[in-house]
Every structure is written in structure tokens, then in C-alpha cells.
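Any read-out appearing in this document is the output of simple, stated calculations on the displayed coordinates, not a laboratory observation. Small disclaimer: the values here were computed from a predicted structure and weren't measured. Glycine also receives a Cβ, built like all others from the backbone with ideal geometry; neighbour counts cover every protein chain displayed.
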Amino acid sequence: MARTRLARLRPALGVVPFGVYLLIFLVVPTVTVVIGAFAEDGRPSLANLAGLVEPSVLTALLNSVLVSAVTALIGGVVGALVAYAVVTGKPDGALRRLVTSVCGVLAQFGGVTLAFAFIATLGISGVVSTWLDANLGTGLTSSVWLFGLKGLVLVYAYFQIPLMVIVFLPALDGVRVQWREAASNLGATTWQYWRLVGLPLLTPAFLGSLLLLFANSFAAYATAAALVSQGSPIIPLWIRSALTSEVVLGRQNFAYALALEMIVIVAVVMAGYSLLVRRTARWVR
Amino acid sequence: MVLPDVHQKFVGPGGTRPDQGGHPRRPGPGELTGRRGPRSCSVRLRGRAILSTVTGGATLRGRGRDHVQRAREGGDRSRTMRTTRTSRRFTSRITAAVATATAITLLGAGCAPPAKTADPAASTSGAATWTSAQAAGGMDALVAEAKKEGTLNVIALPPDWANYGTIISTFESKYGIKVDSAQPDAASQDEINAADQQKGTDRAPDVFDLGQAVALANTAKFAPYQVSTWDTIPTNFKDSSGLWVNDYGGYMSIGYDTAKVPAPSGVKDLLKPEYKGKVALNGDPTQAGAAFNGVVMTSLANGGSADDIQPGIDFFADLKKAGNFLPTDPTSATIESGQTPLVIDWDYLNAAESAKISTWKVTVPSDALVGGYYFQAVSKDAPHPAAARLWQEFLYSDEGQNLFLGGGARPVRADAMQKAGTIDAAAYGKLPPISGEPTILTTDQSTKAADVLSKEWSKATS
């Protein structure tokens, strides 16, 4: 009896490292954040959560969600189209190899380096802005748009699109040519094929990728920190402000409350996603 | 150009007057350094303000923090990527995304490593209790003990900040003590955080150089020490027991590149179209003391007072509306490359740029004179208590004070040294000219202003 139970447990052993990883990097920090958010000076308190509804913090939250949603959409749509273009080519052709490796590099190219690359290109004394100003009279060298939300959208899109390509390629590969042929044999037009077969099949994958992109830019910090140094327009920058401010002291626990807010937002988006998938995936099953 | 009524306007408001209820601390910097300003300062300055600035600060000339951020974000993304590549199931991909999102969120929230416990001072000669060189048995005994310790841990001292690079190397060669300079670009609060987190280890900071708000909130972490030049430090610039002593300071200024922008005749000039996309503030005022004082300066220039910072915030909102406010963090690099042609910052930091760029000029607006000094203190938990005390002796010696001056900062003993003829007159003459009465916020005023800022600043700038 004991033996069979052990035997049954053995395959589970392989999951242990993952479990430990989750515990250390997900469960423990989450618990720390939750406890920290509800405490002040070592006592239970709701003061930090109350701080979340201050107008400036709410604006930052709205900005964060907006920037993440917009860049996820841009990245998702453009990335999916690029991925489709790649898939229609030869499976191991030069184009595909080139695009996947370039995307692999660019999707990783984030943070301070990326921010400075954009500043050097499109910033106040950027190469491109200087050239455009001299030749087209655009006025970019005295414009500060790059250092605000618009700039964030542009810079985030830079790593969101290649990430989408990489993430979405396997899903497109999963769409078999035979399905298309079968549909054609049964007299379906291209439009009917996409509407009734292709898109429903790809929707869960697409939504999943969107969520990934959303979380990716929602939590992105270094890029924004290097680019925007005034006014903390998004939540991750508010967390920095709460932790390191030497003007407004003692707001460490407010940072926990902000972090909790971010966790809740991502959880809500996830829950929405799984509901959607359950609906759209019915057809697939 | 000084408007005639301006002078009175800023002497006037109650906020700039001494708070008689509290313990008055410092004489006006005009009195202290006052070569050009009126000698009789009607304004006594109390220091509980934020005058601070920060030491270093990633917010200021910051660099260091960025590397960490990059590592964090890079790590985040690569983890996400790996998961997504190997996984076919989107659900696990999502879990990973959320996990990493959460992890990053938490990293952002800064999970401090647990502090190790040990008693560093116990192993030494009792130097941790010395409150002066006499207590050590004389200067020679202090030097001998410090040499025996061999190392001094300093934190948040950027080499190009108030000449700290030279100060550190001079101290090293003079006493043969190795100076371990941690996180040169960290902010004041980071110094205290490091002291808490590394308490008991031999890496903990021995000495602090702090902005005012952080210094006065953490006096329990300081050990009292009176340097041998104690008597020549003005009473209002030191804690009576020696828990902290102001070391150097300056005034809020406007630095600008004459090759790129016209010279501003006052703060309000910055709204002109010539300054479109050119006006930068050294840091976010809700985070960095220098920037905070920058907003105080613009407030004074726009009819505000030490009690009312709102006009300053409104001024930046107008700058933003006009497209003049450049929300990027000025550093030596951005100034040299011309990205930030006009910077509101402490005069000694702006003056340091003049040495590198011949067209970089510094002006201290006389219609909005805001002063500030740094706070020097010995850590109670210093792993090298004798070296920490020797460092104080060095900083407040004529040599150390002149080194600060060499970096464009106004040393706290400037007055006494000028009288004694020991000051570096050439360097002293190079400081930007000052006229008018300086304003320094009291603790209450700065707390109130910080509160207003934290609510209004992001509105004004986004």
C-alpha cells in the first residue's frame, strides 16, 4: 500500500524544484506585500490602502493600465500580422530564421539601454530629431513628448512587437494546412475559413499573448525610470517614489499597498482572460 | 536684474522668520558666507527643513541605481521568454507572466534582506564611545587607532559632488586608511537603509552625509562627536551634543549653457518661448531634496512663501503647458551633451559643470534665494568607530573645509576661516554671487510643502 503510494508520488518529484521556486519567488513575496500593505509602524492599518484612492495615485493607475493596454494591443496586432507573414513563408527559410532571431534579440532589449537608445535617437539632441529639424523643420529638438506617456507607448511597443512575434508563432504553426484544405474541399471561401475556423482557433492564443504583453509592460520599470523623471505618471514609478523619497519620509508600506494594487489588477485581468478563454475555447474542444 | 521690491517681499513672510518656539539653529548663510549679501541677517534659519538635498542621489547626478533596474527588468523579461518558448500551453505562460509581474512588483517594493546580527563595536577599543579627540587620548591616539582599523566605509559620496573624489583620496594618502566608497550615487534615505540592513557587518556605513529631512528623522542612529574645530562652527549649524554637524551647503541656482539659451534675468523668464523644451529640474521634488528646493525657489519668485509652495507647483505646470519643462533627469552627461541646456540645482553642483563647459554659467536668483546645508554624522553602529571620528576631524579641518570649497560648496567654517586667513581665497572668490535674504523652510513648513507636493506634483507635470 505504502509502496504504491510512493510510486505514485515519484513523478511528482520532478515538480518539486518548480514548487520551491514558486514558493520563494511568488508566494513569500506576495504574502510579504499583503501583510506590508495592511500595516503601518508594525500595527494593522488601512491608511496605506486609503492612500491608493488619492487622485494623483488613481491617475497613475489609469495611466499604467492605459499604457499597458495600448502597447499590448499595438504589439499584439502588429506582432500577429508579422508572425502570420513569417508563417506563410518557408518553414525553415531565411526570412523566418532572420525574423525569429531578430525578434529574440529585440524582445530582450529593454530597460535603461533601450531608453537611452531612444533618447539618443529621438530625444532633445537625438540624431534623428536633429536631422528632421534641420531638413523638415519638425521642432523635435525642443519637444519633450518622448519623456511622457506617448514616449512610453513608443518605447514599449519596441519590445512588445517582437515579443508577440515569438509568442504567437507556435500558435500559428499549430494551424495545420490540412484544415484549410478540408475547408476548401467543403466549399468554404477564404473569409469563411478565417471566420469559422482560423480565428476561433487562434483567439485563445491571441488573448493569452495579449495578457502576457499587458503584464510585461504593466510591470516594466527600468525603461520608464530612465525615461521619465518627473511626476511618477505610472504605478511602478510611484513605488520608487514611495521607497526612495527623501522629501516625504516613511512611506515604505505605501509601496506595499501600491504593489498589492498591481497584483490585484493583474489577477483581475487574468480572471477575465480565463473566462473569455473558457467561452472561446468551447469550439476547439 | 533684481526687482526693487523683491528683496523685502522675501524677508517679510513669517515663514522665513525664526520660529522662536523651537531652538534656533543657524545664522543665515548670508551671515556665514556673506561676502556679498547684507551682513545683518534678519532671518534666522532653523534647520529642520528639507534643505536637504541629497547626497548624491540617483535622483541627482544619479547613475548607480539604473544598473540595478536594468538587471531587474532584463531578468524579468528573460524569464518570461524562456517560459513562453518552452511551454505550449498558454495557461502556464500566463501563470509565468503573472508570476514574473508579481516578482517584479515585489522587487520594486524592495524586499530588504534580513539584517545580520553581531556587535561590531565590541571588538574594538571602545572608540565607539569617544565623543571627542580628547576622549580618545589626543589626536595621535585617535589616528593610531584609526590606522589600526585600516578602513573607513563611506556611502553615497559621488566623486564629482562637493569634491568628494579628492577629499577621499587625500584622506587615504594622508592617513593610509582605505576608504570603501559604497553606492556613490545613492540618496540620503539609502544611507539609512544601508545602515539598518548591514548593521553588524563590517560593510555597514561608518559615516553619513545626509539631507536635512533624513538627518533629523534619524538622529537616534548617530553617535555624538565634537571635532577639535568645534568652537569655530557656528552654533546654529550643529547639534549641541555633536550628534550631527552641517558640513557644506549652497543656494538654489539656475545653471545654463550660454551657447544654447539666452541668460535668464529671473525665474519667471523661464516661461519665455526661448526656453522651450530646455528647463530641467534636478530630480523629482517629491523624491529629491535639491528638486524640492528648486520648487521652493520658483514659489518664492511667483509670490509664494515658505508656507506656500503652490505658486511654485503652478509655475511648473505653466512651464509644462508652454512645453518648456523638460522632464528628464539632468546629469553631468546630459549637460555636457547639451540635452539639458538649463538646470535648476544647487549652485555648487551647477558650478562644478562650469569647470567642464566654458559656456556654462550659474546664477542665483536674488528674488528667490533658497539655501541649504548638508548634515554630517557618525553612525552609532560604525564598524570602524575610530576611522569614522578621524574622518570628521579631517572634514572639519581647514584642509577638509577648503577641499569642499574647491568643489564649489560653501564650507560650514567659512566665516571663521576667512577671519583666520586660512580659507582658500581664490576658490572662495569663484562662488556665484549672492544677494538678498535666504529662505530656509522649518520642519513644519517642509512637511506641509512635501505633503502638498506629493498630491499636486504629478498633476502639474502630467
**Cα gyration tensor category, rounded, prolate or oblate, for chain A with a/c compared to 1.5** = oblate
**Item:** region B:248-294, relative contact order [Cα under 8 Å, separation at least 6], %
**Value:** 27 percent
**Size of charge dipole - region B:325-426 - debye, nearest 20, with Cβ of Lys, Arg +1 and Asp, Glu -1, no other charges** = 160 debye
**Asked** Between A:Leu275 and A:Ala50, what is the spin-label point distance in nm, taking each point 7 Å from the Cα along the Cα→C-beta axis?
**Response** 3.1 nm
**Request:** Considering only A:Gly111, A:Gly14, A:Gly76, give the residue with the highest GNM mean-square fluctuation for chain A, with springs between Cα atoms whenever their separation is below 10 Å.
**Result:** A:Gly14
**Message:** Under a crude label model (7 Å from the Cα following the beta-carbon direction), how far is B:Thr235 from A:Leu132 in nanometres?
**Reply:** 6.2 nm
**Asked** Would you list A:Val175, A:Val20 from fewest to most Cβ contacts within 10 Å?
**Response** A:Val20, A:Val175
**Prompt:** Between region A:198-257 and region B:288-341, how many Å separate their Cα centres?
**Reply:** 26 Å
**Peptide B:329-336 - average C-beta neighbours from other chains (10 Å radius)** = 2
**Request:** Would you list the membrane-span-like helices of chain A, meaning whole DSSP H runs whose alpha-carbon atoms span at least 20 Å along their axis and whose mean Kyte-Doolittle value is at least -0.5?
**Result:** A:55-87, A:94-108, A:149-174, A:199-219, A:252-280
**Complete:** Put in order of increasing Cβ neighbours within 10 Å, starting from the fewest, A:Arg240, A:Arg96, A:Arg5 give A:Arg5, A:Arg96, A:Arg240
**Item:** Stokes-Einstein D for region B:192-257, Kirkwood Rh over Cα pairs, 10 °C, 1.306 mPa s (µm²/s)
**Value:** 114 µm²/s
**Prompt:** In what sequence do B:Phe375, B:Phe237 fall when counting other Cβ within 10 Å, fewest first?
**Reply:** B:Phe237, B:Phe375
**Asked** If contacts are Cα pairs under 8 angstrom and at least 6 residues apart, what is the relative contact order of chain A in percent?
**Response** 28 percent
